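Working notes, structure below.
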Amino acid sequence: MSASKIAIGCMHLLAKLPLPLLRGLGKVVGRVLFVVAGQRRRIALRNFELCFPDVPEVQRKAWAKESFEVFCQTFLDRSWLWFGSEELVRSRVKLVGATHELKGDTPTIVFAPHFYSMDAGGLALPLNTEREFTSIFATNPDPDLDRWFMNGRQRFGNVKMLNRADGVKPIIQCLRKGGLLYLLPDMDYGKNDSVFVPFFAVQDTATIPSLSRFARLGKAKVVALYNRMTPEGYVAELTPAWENFPTDDHVADTARMNRELQAAIMTMVPQYYWVHKRFKTRPDGEPSLYSGK
């Protein structure tokens with residue numbers, strides 16, 4: 001039996017634990033990971049240094065430690081999110097905010113940035129709407145893990161997963177049919193198709209302008225979904241549709257997206273995905289911001 005199958009089997013067992021016990025286990029694992037996962041620790045600390053140069057180092061380190069804990073807690077929570085009963089998931093995952101934006105058939109893009117709770121938010125929407133719900137994925141090289149992720153993310157509602165390799169056309173088709181698109185465009189996806197816009201204190205951050213472009217091509221409104229881990233489970237907060245978005249300037253739109261994200265991050269700093277090399281791609285001629293990391 002492969003290691004991934006054993007791990008998935010363990011998640012079946014963990015799904016039966018009381019939530020406080022599971023969260024406690026995740027916290028312990030996160031503290032250990034902060035010590036032993038040296039490269040990821042250095043990346044997280046560097047990201048905090050780049051984004052918050054005026055914040056005292058002791059605070060940045062505290063954020064990084066808590067970020068590792070939340071990362072592990074939310075990962076273990078996938079046990080009950082993907083194996084627990086619908087009743088259990090509904091009792092722990094709450095959708096709040098501008099839920100009226102889900103009604104009707106207006107093409108809608110849900111900007112869902114990489115908070116560690118993103119998979120909880122990915123279930124909150126199909127549990128609360130009958131509309132077709134589309135998300136974009138990249139194939140995991142491990143077929144067992146890939147199947148686990150796919151099954152978990154499609155377990156409720158009318159969910160359709162589109163492979164990133166299939167291009168833009170099926171995405172726009174889903175939108176124009178009045179669907180919902182769950183979009184996570186806030187990572188560093190390389191130089192191709194990216195624009196450089198500010199993100200916190202880093203003025204040139206490679207960011208794909210897909211939110212603006214898909215909204216324009218699909219004639220869609222944009223709402224944001226900010227997912228937060230709480231002691232009781234998760235709260236997914238839906239914002240009202242963004243006004244004056246998109247415009248004809250995809251660079252300005254992408255800069256606005258980052259500003260909106262910054263405001264959300266500041267309400268729960270450690271819960272954002274800081275273990276990723278967000279600033280790996282640099283403008284031509286600029287040195288790496290992660291030298292030795």
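For segment 214-227, enumerate the residues that are surrounded by fewer than 19 Cβ atoms within 10 Å (Cβ to Cβ) and more than 11 Å from Thr108 (Cβ to Cβ).
Listed by number, the residues that qualify are Arg216, Leu217.
Quick check on segment 110-126. Is at least one of its residues under 17 Å from Ala264 (Cα atoms) and of a type in the set (Val, Ile, Thr)?
yes
Can we say Leu21 is crowded, with 16+ Cβ neighbours inside 10 Å and modelled with pLDDT of 95 or more?
no
Kindly indicate whether any position in segment 139-155 is surrounded by 15 or more Cβ atoms within 10 Å (Cβ to Cβ), touching a strand residue (DSSP E or B) at 6+ places or on another chain (Cβ under 6 Å), of a type in the set (D, E, K, R) and not in a helix (DSSP H, G or I).
no
Out of the residues in segment 237-264 that are of a type in the set (A, V, I, L, M, F, W, C) and touching a residue at least 24 places away in the same chain (Cβ under 8 Å), state the one that is farthest from Gly122 (Cα to Cα).
Taking the candidates together, the pick is Val251.
Please go through segment 205-236 and pick out each residue that is free of Cβ contacts under 8 Å to residues at least 60 places away in the same chain and not charged (D, E, K, R).
Once the filter is applied, which keeps residues that are free of Cβ contacts under 8 Å to residues at least 60 places away in the same chain and not charged (D, E, K, R), segment 205-236 yields Thr207, Ile208, Pro209, Ser210, Ser212, Leu217, Thr230.
Looking at (1) crowded, with 20+ Cβ neighbours inside 10 Å; (2) free of Cβ contacts under 8 Å to residues at least 60 places away in the same chain, can you tell me which one Arg31 breaks?
Exception for Arg31: condition (1).
Please indicate, with yes or no, whether at least one residue in segment 71-88 is aliphatic (A, V, I, L, M), at pLDDT 95 or above, farther than 13 Å from Leu22 by Cβ and crowded, with 18+ Cβ neighbours inside 10 Å.
Within segment 71-88, not a single residue is aliphatic (A, V, I, L, M), at pLDDT 95 or above, farther than 13 Å from Leu22 by Cβ and crowded, with 18+ Cβ neighbours inside 10 Å.
Between residues in segment 123-148 that are closer than 21 Å to Tyr189 by Cβ and residues that are modelled with pLDDT under 85 and of a type in the set (Ser, Thr, Tyr), which pairs lie under 7 Å by C-beta distance while being six or more apart or on different chains?
Listed pairs, sorted by first residue: Asp146/Thr139.
Within segment 266-288, can one find any residue that is touching a Pro at 6+ places or on another chain (Cβ under 7 Å) and small (Gly, Ala, Ser)?
no
The values are calculated or read from the model by the stated rules, or taken from the named source; none is laboratory data. Small disclaimer: the values here were computed from a predicted structure and weren't measured. Heads up, the Cβs are rebuilt from the backbone with ideal geometry, glycines too, and the neighbour counts pull from every protein chain shown.
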